[in-house]
Amino acid sequence: MQFSFDTTNIVVTHKNAATTIEEVESRLIDGRGFALATINLDHLTKLRSNPEFLKAYAKQDIVVTDGNPLVWLSHLAHKPVSLVPGADLVIPLVETAARTNKPVVLLGSTDAALAGAARHLTKLVPNVKFARSIAPVHGFDPTGDSARAILEEVRQVGPCLCLVALGAPKQEILSALGRDLAPQAGFACIGAGVDFLAGDQIRAPKWVRKMALEWAWRMMQNPKRLVPRYAACAAILPGQFIQAIKQR
């Protein structure tokens, strides 16, 4: 399954969570590093208008599908993939880091949220080792000097898992830069995953997610911000349907 933007194609590289974790484990063991992104409709809208974001996405080693509409499009294209939300990957990723004896770096959100997430993860994965917790300042530039200083900290840790919770497009742009400046680190873009673990944001109940209505739950929590976002997502769906059919 792929999404086309002029001369750039963004390919969904792994079909499900199991194959994603297998790839992550292999790379952590070898110290090869990676950048992992979870693509959704909102990302597709941003990729159409943000060349820097598109360039960063093209550098991601692992791309999985975070959003039921994209899963449905994959079936329409006869190239089916499973739903792999970033928030659902956090615990399996941390378990993989612990299993391979690699430390974890928490990057993004706030100091309080990072501390809360670390406490929660330590309860779930007692043998996890946290090397750094880094909360960038407000207005953080993912390509500026402060980003490079942060990535130097990550590089000094050596082979590790870095959970990046900055939101799109900052987290993907930073991760792409990290592939150059901290090549032994595995950067996983998890969006609100840290805030969910810390309890700063409440995720939709499982029954809501099973009905593919998590977007509605989130929109009710913050309609002023998310109604325009989801309207923009809906506007690109017809074009994505056409692209999916052409991939058959």
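The values are calculated or read from the model by the stated rules, or taken from the named source; none is laboratory data. Please read all numbers here as calculations on a predicted model, not as lab measurements. Cβ coordinates were reconstructed from backbone atoms using ideal geometry, including for glycine residues, and neighbour counts include every protein chain displayed. Quick note on the areas: whole protein, heavy atoms, side chains included, nothing else; ligands and nucleic acids left out. Shrake-Rupley method; radii C 1.70, N 1.55, O 1.52, S 1.80 Å.
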Problem - Sequence-distant aspartates and glutamates (8 or more away, or on other chains) whose Cα lies within less than 18 Å of Lys210 - result: Asp66, Asp88
Handout entry: GNM flexibility winner over the chain from Ser82, Ser146, Ser133 (Cα, springs under 10 Å)
Key = Ser146
Completion exercise
Going residue by residue through the range 223-234, the Karplus relation 6.51 cos²θ - 1.76 cosθ + 1.60 with θ = phi - 60° gives ³J(HN,Hα) values, rounded to whole Hz and with x marking Gly or Pro, of x, 4, 7, 8, 4, x, 4, 6, 5, 5, 5, 4
Fill in the blank from the handout: Along the range 177-188, Karplus-curve 3J(HN,Hα) (6.51, -1.76, 1.60; θ = phi - 60°) to the nearest Hz, with x for Gly and Pro, reads 5, x, 5, 8, 8, 9, x, 8, 8, x, 9, 10
Completion exercise
Ranking Arg155, Arg203, Arg248 from most to least accessible area with a 1.4 Å probe gives Arg248, Arg155, Arg203
Problem - With every protein chain in place, the chain: carbon and sulfur % of accessible area (1.4 Å) - result: 55
Handout entry: Amide H contacts of Phe130 (H built 1.01 Å from N, under 5 Å, at least 5 apart or other chain)
Key = Val104
Problem - Global geometry of the range 3-71, whether rounded, prolate or oblate, following the gyration tensor of its Cα atoms and the 1.5 cut on a/c - result: oblate
Completion exercise
Relative contact order in percent for the chain (Cα pairs under 8 Å, 6+ apart) equals 25
Exercise for the section: Would you be so kind as to identify which of Cys160, Leu177, Ser146 lies farthest towards the positive end of the dipole of the range 140-186, taking Lys and Arg as +1 and Asp and Glu as -1 on Cβ and the Cα centre as origin? Expected result: Cys160
Exercise for the section: State the volume of the convex hull built on the alpha-carbon positions of the range 129-248, expressed per residue in Å³ and rounded to an integer. Expected result: 174
Practice task
Could you work out how far helix 145-157 tilts from the main Cα principal axis of the chain, as a 0 to 90 degree angle to the nearest 10?
Solution key: 60
Problem - Per residue Cα convex hull volume in Å³ - calculated over the range 111-166 - result: 80
Fill in the blank from the handout: Non-local residues with an amide H under 5 Å from the amide H of Cys162, with H modelled 1.01 Å from N and Pro and chain starts lacking one, are Val105, Gly186, Phe187, Ala188
Exercise for the section: Send over a whole-number figure in Å² for the accessible area per residue of the chain, probe 1.4 Å. Expected result: 47
Handout entry: Cα-based convex hull volume of the chain per residue, rounded to whole Å³
Key = 121
Problem - Considering only the chain, percent of DSSP beta bridges that pair antiparallel, nearest 5 - result: 15
